[in-house]
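Inspection log for the structure reproduced underneath, given as structure tokens.
The values are calculated or read from the model by the stated rules, or taken from the named source; none is laboratory data. Computed from a predicted model, the values in this text were never measured in an experiment. Please note: Cβ atoms are built from the backbone with ideal geometry, for glycine as well, and neighbour counts cover all protein chains shown. The accessibility values were calculated without ligands, DNA or RNA, using every heavy atom of the protein model including side chains. Shrake-Rupley method; radii C 1.70, N 1.55, O 1.52, S 1.80 Å.
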Amino acid sequence: YVPRHARLYASLAEDIGDGDRTTEAVVAPDVRLRGIVVARERLVVAGLAVFNSVYRQLGDFEAVQDEAADGMVIAAGQAIASIQTDARRLLTGERVALNIVQRLSGVATLTRAFVDEVQGTGARILDTRKTTPTLRDLEKYAVKAGGGFNHRFGLFDAMLLKDNHI
């Protein structure tokens, strides 16, 4: 899954504005860093393509190395991804990249808990379109990474007659 770049650009623009003042003030431009994204608890990974895309948007096309894969269950303390790039780029992109991976991994992890709960019953876990505005495709992707199924994407692709209509 490759996320839409315009949304990532807007997310970065919202956070960075006209520059990362703190990083630019305290980090020399020639410093390189290696960072590792580590799970704090057992989780289902989702959103690594978004994490990678953040750093591609910032100009480093080879910075991120996936250490896990979307849909994998990993233990606390296990690496999800590593990144090696210039320090300014790493620090400037980290919050947007981490927030998205954390949110999507949370959705995938909760979905997997529900999937595990109904295992063997013949029931399937489906999502709804009650998603965070502008994140619907990402959150629905995370549901699939967690073992769930997508219902309808929007009002346009299926009918669902509810009390409101009656």
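Looking at ALA69, is it at pLDDT 95 or above, of a type in the set (Gly, Ala, Ser) and more than 18 Å from the chain's Cα centre (by Cα)?
no
GLY93 versus (1) open to solvent by 10 Å² or more (accessible area, probe 1.4 Å); (2) closer than 22 Å to GLU24 by Cβ: which is the lone unmet condition?
So the condition that GLY93 fails would be (1).
Quick check on region 94-113. Is at least one of its residues modelled with pLDDT of 95 or more and not in a helix (DSSP H, G or I)?
Scanning region 94-113, I find no residue that is modelled with pLDDT of 95 or more and not in a helix (DSSP H, G or I), so the answer is no.
Of everything in region 37-66, what is modelled with pLDDT of 95 or more and farther than 16 Å from ILE100 by Cα? Give them in sequence order.
Within region 37-66, GLU41, ARG42, GLN65 qualify.
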